[in-house]
Amino acid sequence: MGNRSAAVLVILTAWSLAGAGLAAPGRTAEGFPLPDRPVAGIVSPVWSSGPDRDLADEAGQLIRAMGVRPGMTVADIGAGSGYHTFTLAAAVGPAGRVYAEDIIDSYLAGLRSEVAARGLANVVVVRGTPDDPKLPPAAVDRAVLVHMYHEIGNPYALLWRLAGSLKPGARVGVIDMDRRTQDHGTRPALLKCEFAAVGYRQLSIAPIRNGGGYLATFAAPAPGSLPRPAAIEPCKGP
């Protein structure tokens, strides 16, 4: 087949996919790019033992760095066992709210049971999807993703939809290990690139003292600045 014929075939195939409502290669049906790097499998509702994390004061470092205060609304995305959900619930107090989001039914059942056992009226358990945390619009002051970013199957779509749930001036914090995504971590440069592709601006990055990994914080995209899904270019993983 000549070059001209091959080019025509590619164009006709793309038109056929679009007409049938199918996703182009490497993109979702809505046009969001798929990550150009491995996605780690979800293996556990908890990253590490509670005593290890307590000793490192991981929760305290997160709360202080993110400026979590009483009365705020915080989203714990990929809440798992609720290790951070419950410390965040104490930090925001009765006038605040924590959305404990996850996509695994057994984790969600465990969260609901524990929330009920503790009598926490300020925690709402939310079932999300791999590409949408399913949070209310313009409701969240702070969102945290702890040791789970590398497990998100559709990070660009999720970050894009998360932006619609953030208030003006909101912040997003990510704790992860500095290693390859297939090894259950995210290289800082890759994380910064993927957030920037959706319009987020990195504010800071620092090691978790006495613990594992780093904490990176991001400013929410400015109102009206979200790119069209089809205009988002995926970052190349290391």
For the stretch 156-238, give me every one of the strands (runs of 3 or more DSSP E) that falls completely inside it and has 3 or more residues that are surrounded by fewer than 21 Cβ atoms within 10 Å (Cβ to Cβ) and without any contact (Cβ under 8 Å) to a residue 24 or more places away in the chain. 201-207
Pair list, Cβ under 8 Å, 6 or more apart: the stretch 115-135 residue at positive phi, other residue assigned to a loop (DSSP other than H, G, I, E, B) and buried (at least 17 other Cβ atoms within 10 Å of the Cβ): Lys134/Gly128
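Give the residues of the stretch 74-104 that are surrounded by fewer than 19 Cβ atoms within 10 Å (Cβ to Cβ) and either free of Cβ contacts under 8 Å to residues at least 12 places away in the same chain or in a strand (DSSP E or B) (or both), sorted by residue number.
Start the filter on the stretch 74-104 by keeping residues that are surrounded by fewer than 19 Cβ atoms within 10 Å (Cβ to Cβ), which leaves 81, 90, 93-95, 104.
Passing the criteria: only Ala90.
Can you tell me which residues in the stretch 106-125 are under 18 Å from the mean Cα position of the chain (by Cα) and either buried (at least 21 other Cβ atoms within 10 Å of the Cβ) or acidic (Asp, Glu) (or both)? If you could, list the steps in order and put the result at the bottom.
Residues of the stretch 106-125 under 18 Å from the mean Cα position of the chain (by Cα): 107-108, 124-125.
Tyr107, Val125, listed by residue number.
Here, each number is a calculation from the coordinates, and none is a lab measurement. Owing to the predicted nature of the structure, the values given are computational and were not obtained by experimental measurement. All Cβ positions, glycine included, derive from the backbone under ideal geometry; neighbour counts span all protein chains shown.
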